[in-house]
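The values are calculated or read from the model by the stated rules, or taken from the named source; none is laboratory data. As the structure is a computational prediction, the values presented were derived from the model and not from experiment. Backbone-built Cβ (ideal geometry, glycine too); neighbour counts: all protein chains shown. Surface areas here come from the heavy atoms of the whole protein model, side chains and all, with no ligands, DNA or RNA. Shrake-Rupley method; radii C 1.70, N 1.55, O 1.52, S 1.80 Å.
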Amino acid sequence: MSQQEDVFKKIVSHCKEYGFVFPSSEIYDGLGAVYDYGQLGVELKNNIKSYWWQGMVLLHENIVGLDSAIFMHPTIWKASGHVDAFNDPLIDNRDSKKRYRADVLIEEQLAKYDEKIEKEVAKARKRFGDSFDEEKYRATSANVLEHVAKRDALHERYKAAMNANDLDELKQIILDEGIVCPISGTRNWTDVRQFNLMFSTEMGSTADGNMKVYLRPETAQGIFVNYLNVQKTGRMKIPFGIAQIGKAFRNEIVARQFIFRMREFEQMEMQFFVRPGSELEWFAKWKETRMQWHQALGFGAQNYRFHDHDKLAHYANAATDIEFLMPFGFKEVEGIHSRTNFDLSQHEKYSGKSIKYFDPELNESYTPYVIETSIGVDRMFLSVMCASYKEEVLEGGETRVVLSLPPALAPVKLAILPLVKKDGLPEKAHEIYKELRFHFNCQYDEKDSIGKRYRRQDAIGTPYCITVDHETLNDNCVTLRNRDTMQQERIAIADLDKTIADKVNLSSLLKKLK
Ligand code: GAP
């Protein structure tokens, strides 16, 4: 197991051990790619959602919210193209009987070439030491150039096959590249087939009157079909946006990597309606705004990158992903798409109703163009966990596990700990707890030694702990301990709120967004 795989395994078990994420239906041996959020997970998830919601709705005068239903008229999914084209190319290995996404197998092969290139460079760096000229080496090393050429050729072939929806060619690429099944190790592949990802169910009680309905695979369509309701009742003027957070469902072929790819997940989507012709300018603005939102969390700019799409959906004229460096590589957390007027035009066509916007400044009606920002709550949750999980070796050689969560996202902001369970200290600690709980999420803990309690709070990412000791009863002061520095200071109880609130409340994070 690679070191990174090992770290990821630890994060997954940490999530379970401390009540962040549990496998769904665990006592029945679980349900593939479905997870439940525990007592701390739900707090962290809610904080992530608030950060997004307030970053969108509170900080933008021209963005409002929406909460549309999961069930929608089935024709919506016909109009949006999901019934006919929301497919993944799947391939089975006949020996292991395992199913894979053909595109993912090829993308993993591309990543292998990149790894080989980086390994060559790392080896040379070690060999040449300070005199190493990396740029020159990359441009001249025969080995590096060979890997680059193979990677680029594969990339071009893959791009062409995906754009042409050529399933035979996808299979041929897998065969030509010698890609084997990770389980059986063989190349005994079936043909590549298309697989629709939507879940469906029946609505209505009589057998003949039933209607097939879908569990929405994205929240966006609920926004499109309501855009004119919101525009008219909210007196919105273009450009304006509608934001929504809600569940989405996809029958993913390969569900792997914990909460990265789930069958039931949550999205935070914002559709921004603009004048035709101005969409690429807005696309660039939203790219920047969204990247800033991510980077304000302080995990380091080097952990993010844009990945522009090779294969544009037929309705998009620009698309990019914001990727985050997870222990299993750079992975998509958010998609930003310039969707033209495709969705709105389709809904006009299929519903037979005009949903054009009348622009009072231009004195004309048109179907707006749309920039979409779409981020998965669960993927965001995973990226926050991965970036925050740390094992630190302390001075005495002891190891502490700490979740260095951004304080504004931490489930518990302050732990209130009486030094001992007697002498009136629990009563005093409870008194402080009862006052501060109105300001932020506090936890009272009196069990075990103070050292153990600090470790427990470190492991769940609590930015501050206070210890109530015998002196507190005389001087009304407590010891305030900082999670990251582990430094302690004596502070008056009366000053706790103003000292802590500023650092742990969401507004501290929101103020970093320009
Ligand atoms: N409305 C556009 C849309 O749904 P998408 O790229 O398919 O675009 C947007 O999905 C985001 O939703 C992704 O960037 C990812 O964060 C999240 N997402 C998509 N499928 C997911 C899955 N199976 N499990 C968890 N998150 C998922």
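Quick notes
- Residues located in segment 309-323, provided they are modelled with pLDDT of 90 or more and either more than 10 Å from the ligand (Cβ to nearest atom) or of a type in the set (Gly, Ala, Ser) (or both): Ala316, Asn317, Ala318, Ala319, Thr320
- Wholly within segment 74-165, helices (runs of 4 or more DSSP H) carrying at least 2 residues that are of a type in the set (Asp, Glu): 102-128, 134-140, 142-163
- Counted residues, segment 1-59 - those being open to solvent by 70 Å² or more (accessible area, probe 1.4 Å), outside the structural domain of Ile253 (by TED's automatic domain parsing) and aliphatic (A, V, I, L, M): 3
- Pairs where the first residue, in segment 148-161, is free of Cβ contacts under 8 Å to residues at least 24 places away in the same chain and the second is assigned to a helix (DSSP H, G or I) and open to solvent by less than 60 Å² (accessible area, probe 1.4 Å), C-beta under 8 Å, 6+ apart: Arg157/Glu169; Arg157/Ile173; Ala160/Glu169; Ala161/Glu169; Ala161/Leu170; Ala161/Ile173
- Qualifying residue in segment 352-374 (condition: part of a helix (DSSP H, G or I), modelled with pLDDT of 95 or more and within 15 Å of the ligand (Cβ to nearest atom)): no
- Residues located in segment 320-351, provided they are in a helix (DSSP H, G or I) and without any contact (Cβ under 8 Å) to a residue 24 or more places away in the chain: Ser345, Glu348
- Residue count, segment 424-457 (criterion: part of a helix (DSSP H, G or I) and not β-branched (Val, Ile, Thr)): 18
- Within the set Arg400, Arg379, Arg453, the sole residue that is more than 18 Å from Arg481 (Cβ to Cβ), under 35 Å from the mean Cα position of the chain (by Cα) and of a type in the set (D, E, K, R) turns out to be Arg379.
- Positions within segment 340-362 being over 13 Å from Arg275 (Cβ atoms) and surrounded by fewer than 16 Cβ atoms within 10 Å (Cβ to Cβ), in sequence order: Ser345, Lys349, Tyr350, Ser351, Gly352, Lys353, Ser354
- Scanning segment 394-447 for residues that are open to solvent by 50 Å² or more (accessible area, probe 1.4 Å) and among the acidic types (Asp, Glu) yields Glu395, Glu398, Asp423, Glu427, Glu431, Glu435, Glu446.
- Scanning segment 458-471 turns up no residue that is part of a helix (DSSP H, G or I), open to solvent by 10 Å² or more (accessible area, probe 1.4 Å) and among the small types (Gly, Ala, Ser).
- Filter result for His337 (open to solvent by less than 30 Å² (accessible area, probe 1.4 Å) and within 16 Å of the ligand (Cβ to nearest atom)): no
- The lone exception for Phe306 - which of (1) at pLDDT 95 or above; (2) open to solvent by 60 Å² or more (accessible area, probe 1.4 Å); (3) assigned to a loop (DSSP other than H, G, I, E, B) it fails: (3)
- Pairs with Cβ under 7 Å, 6+ apart, first in segment 287-304 and within 23 Å of His337 (Cβ to Cβ), second open to solvent by less than 30 Å² (accessible area, probe 1.4 Å) and among the polar types (S, T, N, Q): Lys287/Thr320; Arg290/Thr373
- Check on Val377, touching a strand residue (DSSP E or B) at 6+ places or on another chain (Cβ under 9 Å) and away from the ligand (no atom under 16 Å from the Cβ): no
- When Gln295 is tested against (1) more than 13 Å from the ligand (Cβ to nearest atom); (2) buried (at least 20 other Cβ atoms within 10 Å of the Cβ), exactly one condition is not met: (2).
- From the options Trp282, Trp286, residue that is within 14 Å of the ligand (Cβ to nearest atom) and in a helix (DSSP H, G or I): Trp286
- Residue in segment 476-491 that is in a helix (DSSP H, G or I) and among the polar types (S, T, N, Q) present: no
- In the set (1) open to solvent by less than 30 Å² (accessible area, probe 1.4 Å); (2) in a helix (DSSP H, G or I); (3) under 26 Å from Gly424 (Cα atoms), Lys498 fails one condition alone, (1).
- Flag for Asn476 being of a type in the set (S, T, N, Q), more than 26 Å from the chain's Cα centre (by Cα) and farther than 24 Å from His14 by Cα: yes
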